[in-house]
Amino acid sequence: MSNDISRAGAPGAAGNVADCPSVAALLDAAHQRGIARLDAEVLLSALTRMGRAQLVAFGERTVDPLTTALYEAGIVRLIAGEPLAYITGVREFWSMSLVVRRDVLVPRPETELLVERCLVLLTDAPHQVADLGTGSGAIALALARERPAWHIVATDASAGALEVATVNRQRLGLGNVEFRAGHWCKALPNLRFDAILSNPPYIAGDDAALAALRHEPRSALVAENEGFADLLAIADGARAHLKPGGALLLEHGSTQAPRLRAALVAMGFDRVASHRDLAGHERVTEAFLPTHYSPN
């Protein structure tokens, strides 16, 4: 079979039905080129407006030449390692369809653990919550949808990221999220919060994992001090912006929990604990400002 998906159908004059490959042929050709079946289905679904179940049920349906060409272009980008979300322009997070582009990281399932823990820790009564480095707005918007009575301040130093997050807030119709520009706690107003959450950069600059993430913004991935610089900066600043007894929740790398827990204890936090993601890795660490906390 030719490596060009656009030739997956029988040859014929341009624009003829014979030029139009079937859904099944396009998906099979992508699979033969090393593309995961799910990714191929999601890409074709986005282009044809057919649900994935329809693609499977009506695999004999033909796809017009323009859509086939766009699909081929998307497959080429997938082969080059570009995230599927950047190609389709959307990503699902917490059962929400979020707009994404190169200004923001692609939201990942493990980050849902941050949302889960915050929902467990705080009641559905009115609360003030901050999401630092919001990116696409995934965390803040998930919390806002689950807890309409909460007021959430979501911040980011990237103007492009805030544009994406604002689009997502408008699409979802969530009015209880406020966006602010700025770096970590410096972007927070002169208020204290019941909880501060963040999924900051936590990858060391020499980590081999960065090769697979080359299409995503490096500034949202890499931190100095072996990946700890932003985690520690947020924790340090959060002490001035948490209410007594308030919670700090941080996503981090799979091997960073022990050092982060020790640092949080040294900063004066208590009830420090880490939680595992679905893969079994310690992924989120939470800590609480003591009720009678006072700076050293």
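The values are calculated or read from the model by the stated rules, or taken from the named source; none is laboratory data. This one's a predicted model, so the numbers in the text were calculated from it and none came from an experiment. Neighbour counts run over all protein chains shown; Cβ positions are idealised from the backbone, glycine included. Ligands, DNA and RNA are stripped out before the accessible areas are found, and what is left, the full protein with its side chains, is counted by its heavy atoms. Shrake-Rupley method; radii C 1.70, N 1.55, O 1.52, S 1.80 Å.
Extending 7 Å from Cα along the Cβ direction at Ala212 and again at Ala125 yields two label points whose distance is 4.4 nm. Counting protein heavy atoms only, the range 88-142 has 50 percent of its accessible area on carbon and sulfur, 1.4 angstrom probe.
Ligands, DNA and RNA left out, the 1.4 Å accessible surface of the range 28-87 is 58% carbon and sulfur atoms.
On the range 165-250, 50 percent of the accessible area sits on carbon and sulfur atoms, based on a 1.4 Å probe. Highest average first, the peptides 144-156, 252-264 ordered by how many other beta carbon atoms sit within 10 Å of their residues are 144-156, 252-264. Using 0.36 nm per residue and subtracting the Cα-Cα separation, the extra length available between Gln54 and Arg77 on full extension is 5.8 nm. Spatial offset of the range 222-247 relative to the range 185-215 amounts to 10 Å, using the alpha carbon center of each. Charge dipole (Cα centre; +1 on Lys/Arg Cβ, -1 on Asp/Glu Cβ; no other charges) of the chain amounts to roughly 420 debye.
Note on the range 99-187: with charges restricted to the Cβ of Lys and Arg (+1) and Asp and Glu (-1), its dipole about the Cα centre is near 180 debye. Rolling a 1.4 Å probe across the protein heavy atoms gives the chain an accessible surface of 47 Å² per residue. Each Cα pair under 8 Å and six or more residues apart adds its sequence gap; the mean of these over the residue count of the range 153-285 is a relative contact order of 22 percent. Overall shape: prolate for the range 230-269, with the ratio a/c of the largest to smallest alpha carbon gyration tensor axis at 1.5 or above and a/b above b/c. Normalised by the number of residues in the chain, the mean separation of alpha-carbon contacts (under 8 Å, six or more apart) gives a relative contact order of 12 percent.
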